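Each remark here refers to the structure printed beneath this line.
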Amino acid sequence: MMSRRTFEKTSDRKKSPPKTRQVDLPGFYPSLWDSPYFDPLKTIAQYFSPYWLACIPLTAIIVVVWNTAAVAQTEAVDADAVAQLQGTLNAIWVLIAAILVIFMNAGFGMLETGFCRQKNAVNILSKNLIVFALATIAFWAIGFSFMFGAGGGFIGLGGFFLSSTDPGTYGLDPFPTGLPISVYFLFQAAFAGTAATIVSGAVAERIRFLDFLIFSLLITGISYPTTGHWIWGGGWLGEMGFSDFAGSTVVHSVGGWAALMGAAFLGPREGKYRDGQINAIPGHNMSIATLGCLILWIGWFGFNPGSELAANENVPYIAVTTNLAAAAGGISATITSWTKDGKPDLSMIINGILAGLVAITAPCNNVSYLSAIIIGLIAGIIVVFAVSFFDNIHIDDPVGAISVHLVNGIWGTIAVGLFDIDGGLFVGGGANQLGVQLLGILCVGGFTVAFSSVVWLALKATLGLRVHAEEEIHGLDISEHGMEAYSGFVKESDVLTSSSFGSVSGSTADIPRGSEV
């Protein structure tokens, strides 16, 4: 049994409070540490040695640094993923744009065929189809390297036959910053084919098929890439500040200059100019000509917005300026032809729309919506009077290709110097940009005229550039291809062949006039 004295001692020992271990924390003043607010910390701290306490801030630092590194790594991974996604979107968009531009060949085929006579339909369709095949091969072999290969200011070199896998060979950044070589080539090859197709319409209904094929190979393989390098391939005109966003000069004016020289050396079609009169030769199918115009209008949304070479916010803006100019060109051409000739001519409505599209091609990325409309309105007026001008000087252009592509390609290039937001004369800039634009027009035109003249004259001296008169009367479908587009339908040549080379009946009704030959 425990004695009372022993119990009291034990009780006193149990009731006495435990002694609190004094822990000195560096940097704290004793008066602050003695504050009652720190009692919970004192209670916790008594169970840890000073060494453990010193590890707490070190642990916090490690946690913060580790978390920061993890976040940075996540951001780096996200940045790479975003770059890959953006690069893929860019490539897909440019691929779609290339397909739209290639589809424009169908538009050119329909337009030119409808504007010409039925007896030449197969010939025109054949030229428009084969020209893209020829342009693709010529551009793959040498044209792409001449245009974008590393070289001097005059012409590019290296990577012929698309043989190089180094993007820098063709002036591209590595993927995903830059486009894949394959996509970029396809897009540019589509543009090269367009330049050659422009020539087809101006020389239609009287040129030998073989001569046209040879010329197409040479213009897409040599001439077009050379002047293109000056502007888009890092050449001397581009270095001077010449601006042609989607090709009013690079594509359309080049095709127009070549077409002008071809039409001049070929001479007019039989019956077009007779006894000082200009005889209209109407197209045989305005329905497919109108369809061709609409196809071209749609294809231009690959031509201009695709030239951004990226999927970004500028693409829809360029599409809107393109559409506004096309609409304005069609309206002004309608009003102009109606006023000038007394009737709203469908062929002028079509060419007015195309003129607006050609004119806006150079400045489409950097002009206001109002400026785009003004550019299109002027283009529609110009094209009507340009058609009359070339008729008056006896340059026979069955589809108006020279008026649309050459004249309005020049106008669109000048429009950059007038309406460009960053340096146009009419929007607060000086005359420097306009001067550079005019210099580029002259230099590209001079080179293309010289090159085309040499080729046309060489073909004329060797192969004979033009078909015989009798072949022209019967139609190139029979003489050049041995088939007809409308087999079984009566053609004007069926009725007029005898009268063209001596009338059988001797009546004046047998004499071919205007569009009858």
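The values are calculated or read from the model by the stated rules, or taken from the named source; none is laboratory data. Quick caveat, the model's predicted, so the values are computed rather than measured. Here the Cβ is made from the backbone with ideal geometry for all residues, glycine too, and neighbour counts use every protein chain on show. Ligands, DNA and RNA are excluded from the accessible area calculation, which covers all protein heavy atoms including side chains. Shrake-Rupley method; radii C 1.70, N 1.55, O 1.52, S 1.80 Å.
Taking every alpha-carbon pair within segment 368-462, the share separated by more than 23 Å comes to 39 percent.
Once backbone amide H atoms are built at 1.01 Å from N, Arg274 has Asn279 as its partners under 5 Å, excluding neighbours fewer than 5 places away on the same chain.
Note on Arg208: accessible area approximately 60 square angstrom, rounded to 10, probe 1.4 Å, nucleic acids and ligands left out. Taking only the alpha carbons of segment 79-136, we obtain Rg and Dmax values of 17.8, 61 Å in that order. Over all alpha-carbon pairs in segment 131-224, figure out the percentage whose distance exceeds 17 Å. I get 50 percent for the Cα pairs in segment 131-224 exceeding 17 Å. Between Val82 and Phe103, the FRET efficiency estimated from the beta carbon spacing at R0 = 25 angstrom works out to 0.20. Using heavy atoms of the protein chains and a probe of 1.4 Å, the accessible area assigned to Met348 is about 20 Å². The Stokes-Einstein estimate for segment 234-352, based on a Kirkwood radius over Cα pairs and taken at 4 °C with 1.567 mPa s viscosity, is a diffusion coefficient of 74 µm²/s. For segment 282-376, how big is the tail of P(r) above 16 Å, as a whole percent of Cα pairs? Above the 16 Å cut-off, segment 282-376 has 54 percent of its Cα pairs. Just in segment 100-174: which chymotrypsin sites (Phe, Trp or Tyr not before Pro) are loop by DSSP and have at most 16 other Cβ atoms within 10 Å? Listed in order of number, the matching sites are Phe154. Counted residue by residue at 0.36 nm each, then reduced by the alpha carbon distance between them, the extension gain from Ala469 to Tyr273 reaches 69.1 nm.
Put a dot 7 Å past the Cα of Met240, heading toward its Cβ, do the same for Ala141, and the two dots end up 3.2 nm apart.
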